[in-house]
Amino acid sequence: GLRGTCEEDDAEPVRPSESVMVLLNSAAATAGARALLPAAAPAPPVPRLLQPLLLRLAGGGGSNSSRRPLCSAQHRDGGAPGTGEGCSTMEQEQQLSPEHAMGDWFSVPDLRLRDHWFTVPLDYSSPAGPRISVFAREVVLAGREAQQLPYLLYLQGGPGFESPRPTEASGWLKKACDEHRVILLDQRGTGLSTPLTISSLMQITSAKKLVDYVRHFRADNIVNDAEFIRVRLVPDAGPWSVLGQFESWMAFDTNPLYALLHESIYCQGAASNWSAHKIRGGLEHAFDPVKAAREGRPVFFTGEMVFPWVFDEIHALKHLKEAAHLLSGKEDWPPLYDANVLNKNKVPVAAAVYYEDLYVNFKLSMETASQIAGIRLWVTNEFMHSGLRDGGGQVLDHLLGMLKGGKPLF
C-alpha cells in the first residue's frame, strides 16, 4: 500500500507496493531545520525515556488518555529498554496497551498539525514480545483538516534522524500539503519514537544485549512500522505516497544511532567489518590533503563515514565502543532488498539523481536505479545534494509531474 517519494543516501529502503517515488539523493540542513515545535496542548504527554528508565506508551485514543509505564523498574541486569527485563510480572503485563493514541489539532502559520503515537512490536517476527512507541505528526493546510486527501508519508534519512518539525508552510512541505495529508514519521529510535539516546543506551550495561536491541532499529522494521501505521491511519487501509529527503546534520552525542548503525544499515548476510576504515587504509595517500596540494591533485573527503576511532575520541560514544565492534562483525543480518521483486516492479517510481552529488556516487545511483523496473529518472546538476530543501517545491513538483505525465522524462 505504498505510493510515494524517497531520496538515497543513508536512505532507509522502502519496499514497493502501489507507487513509490524515489529521490536518489539526500540533503544536509542547518540546525534550524531541527527546531522543535511547541508542544500541542492539550495533547497527551509525549512518550519519552526518563531517568530511571521509564518508557511511557500510548494509553488510549483520546487527548486525555492516560499512559502506562512499560517498565518502571531499574534495569539492574542491564536489560534493554522496552524488553521488560528486570520488570515484575505485573509490569510486563502493562506492555499490552492500545495500539494508537491521538492528540488534538494545533496550529503553526498556515498549517494544522496533530500528533499520533503507535504501540508496535520491537521485533515483528515476535509480535507477542516487547513493544515500543512510535511517533508521527499529521500535517495539513489550515482549514483542510476534515477534507478527504491522499496520504503522503515522509521518511527522514538516517540512521538516527528524527522527522522535521515544521514551524510554517514553506518549501517542499507546502507543495506536498497542496495535494496531500502529510505524515511526518519519527523512525524508531529517533525523535519521540522510543529514542535511543546516550543516556538510554548507557543503561544497557551488556554490549551483547545492546547489539541484540539496536539490531531491531534498521530499515526492515521501519518498513514494518510504516505498514502498521498505514493500515490504522489511512481510511480503509488504503495506499499512501512515500517521500524521502535527508536534510539534517547531527551530532554524535545527540544522535548516537548514526554512529552505531552507520554501516550496519546496509548489511545483508555479511558483516561490515569497518568497511570505510579498510578502504581508507588502503588508499591513505588519496586522503592526505598535504600531499594532494603539493601534487596538484584534488583533495578527497571522507564525507559522512564513521571510523572505529570515533568511539575512542568522542567521549559520548565511548560506552558504545564494544557494541560497535560487535556490530561490525555481525554476519547474520536479514535481507533488506529483493532485486528480483524490484526487477518486476509495477509501482510508479520517479527519482532525482544529482550528477555532482558529493555523497552519492552518480554511477552507483544509476546502477541502483537500473534495478527498479519502470523507474522514471530525472538526472540534473542543478542541485548538489540537498535538492528537496534547497529547491523548495521545485524538485517535488518536477517528480510529481513525472509520475503524472506532466513533465518530460529527460
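Structure values in brief
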quantity: Count of the stretch 139-154 residues which are outside any loop (DSSP other than H, G, I, E, B) and either farther than 30 Å from Ile198 by Cβ or among the aliphatic types (A, V, I, L, M) (or both); calculated: 6
quantity: Within the stretch 301-410, helices (runs of 4 or more DSSP H) holding 3 or more residues that are over 22 Å from the mean Cα position of the chain (by Cα), farther than 25 Å from Tyr154 by Cβ and not assigned by TED's automatic domain parsing to the domain that holds Phe161; calculated: 310-313, 321-329
quantity: Inter-residue pairs, beta-carbon under 9 Å, first within 17 Å of Arg232 (Cα to Cα) and in the stretch 106-131, second assigned to a loop (DSSP other than H, G, I, E, B) and of a type in the set (Val, Ile, Thr), 6+ apart; calculated: Asp115/Val46; Trp117/Val46
quantity: The stretch 155-197, subset among the aliphatic types (A, V, I, L, M) and part of a loop (DSSP other than H, G, I, E, B), residue nearest to Trp105 (Cα to Cα); calculated: Ala169
quantity: Residue, farthest from Leu261 (Cα to Cα), within the stretch 352-373, restricted to residues that are aromatic (Phe, Trp, Tyr) and surrounded by fewer than 17 Cβ atoms within 10 Å (Cβ to Cβ); calculated: Tyr355
quantity: Residue match in the stretch 196-209 (condition: more than 30 Å from Met102 (Cα to Cα), among the basic types (Lys, Arg) and not assigned by TED's automatic domain parsing to the domain that holds Tyr124); calculated: no
quantity: Pairs where the first residue, in the stretch 290-312, is hydroxyl-bearing (Ser, Thr, Tyr) and the second is surrounded by 14 or more Cβ atoms within 10 Å (Cβ to Cβ) and part of a helix (DSSP H, G or I), C-beta under 7 Å, 6+ apart; calculated: Thr302/Arg280; Thr302/Phe287
quantity: Cross-chain or 6+ apart pairs with Cβ under 7 Å, the stretch 132-143 first and more than 13 Å from Phe228 (Cα to Cα), then assigned to a strand (DSSP E or B) and among the small types (Gly, Ala, Ser); calculated: Ala142/Ser107
quantity: Selection within the stretch 384-410 - closer than 16 Å to Gly244 by Cα and either out of contact with any Leu (no Cβ under 7 Å at 6 or more places or on another chain) or without any contact (Cβ under 8 Å) to a residue 24 or more places away in the chain (or both); calculated: Ser386, Gly387, Arg389, Asp390, Gly391, Gly392, Gly393, Gln394, Asp397, His398, Leu400, Leu403
quantity: Failed condition for Val349, given (1) touching a helix residue (DSSP H, G or I) at 6+ places or on another chain (Cβ under 7 Å); (2) touching a residue at least 60 places away in the same chain (Cβ under 8 Å); (3) surrounded by 14 or more Cβ atoms within 10 Å (Cβ to Cβ); calculated: (1)
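Table: residues versus (1) of a type in the set (Lys, Arg); (2) surrounded by fewer than 22 Cβ atoms within 10 Å (Cβ to Cβ).
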{"residue": "Lys175", "(1), (2)": "yes, yes"}
{"residue": "Glu179", "(1), (2)": "no, yes"}
{"residue": "Leu185", "(1), (2)": "no, no"}
{"residue": "Gly189", "(1), (2)": "no, no"}
{"residue": "Leu210", "(1), (2)": "no, no"}
{"residue": "Phe217", "(1), (2)": "no, no"}
{"residue": "Ala226", "(1), (2)": "no, no"}
{"residue": "Pro256", "(1), (2)": "no, no"}
{"residue": "Leu260", "(1), (2)": "no, no"}
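The values are calculated or read from the model by the stated rules, or taken from the named source; none is laboratory data. Computed from a predicted model, the values in this text were never measured in an experiment. Neighbour counts run over all protein chains shown; Cβ positions are idealised from the backbone, glycine included.
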